[in-house]
Amino acid sequence: MDWQAFWMTFTAIFLAELGDKTQIGVLSFSAASRSPWTIFAAASLALLLATAVGVLAGTLLARFIQPKAMKVISGCLFIGVGLWVLLRGD
């Protein structure tokens, strides 16, 4: 196992998830439910499956796109989504 990649990924994802919509949603579901372990299991499974989709998509895209181009595309998409969230007229 590549421990450097493991810890770098773990730290980045853990910090990114703190205080995001997922954590707020889980907090809300937990407050409304009397089954905190059910909420924990459901949220964990959802994050596991979402991560699996991301890993699969990244693995498939890596066959066709160079790593540097993947970083640029990912960064642009991230910025684009951020701008869309900031500028949409809610």
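Laid out as a table, the results:
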| read-out | value |
| --- | --- |
| Tensor-based shape of the chain (alpha-carbon gyration tensor, a/c under 1.5 rounded, otherwise prolate or oblate) | oblate |
| Label-to-label distance, nm, for residues given as ASP20 and ARG63 (7 Å Cα→Cβ offset) | 2.7 nm |
| 5 angstrom amide H check on ILE65, placed H, neighbours 5+ away | none |
| Length added when fully stretched, SER74-TRP3, from 0.36 nm per residue minus Cα-Cα | 23.2 nm |
| Shape category assigned to region 1-41 from the gyration tensor of Cα positions, a/c cut at 1.5 | oblate |
| Among SER44, GLY25, VAL85 - extreme Cα towards positive end, dipole of the chain, charges at beta-carbon | VAL85 |
| Kyte-Doolittle mean at least 1.0, axial Cα span of 20 Å or more - DSSP H helices of the chain | 36-62, 67-87 |
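Read-outs: derived from the displayed coordinates by stated rules, not from any lab. Since the structure is predicted, the reported quantities are computational estimates derived from the model, not experimental observations. Note: ideal-geometry Cβ built from the backbone for every residue, glycine included; neighbour counts use all protein chains shown.
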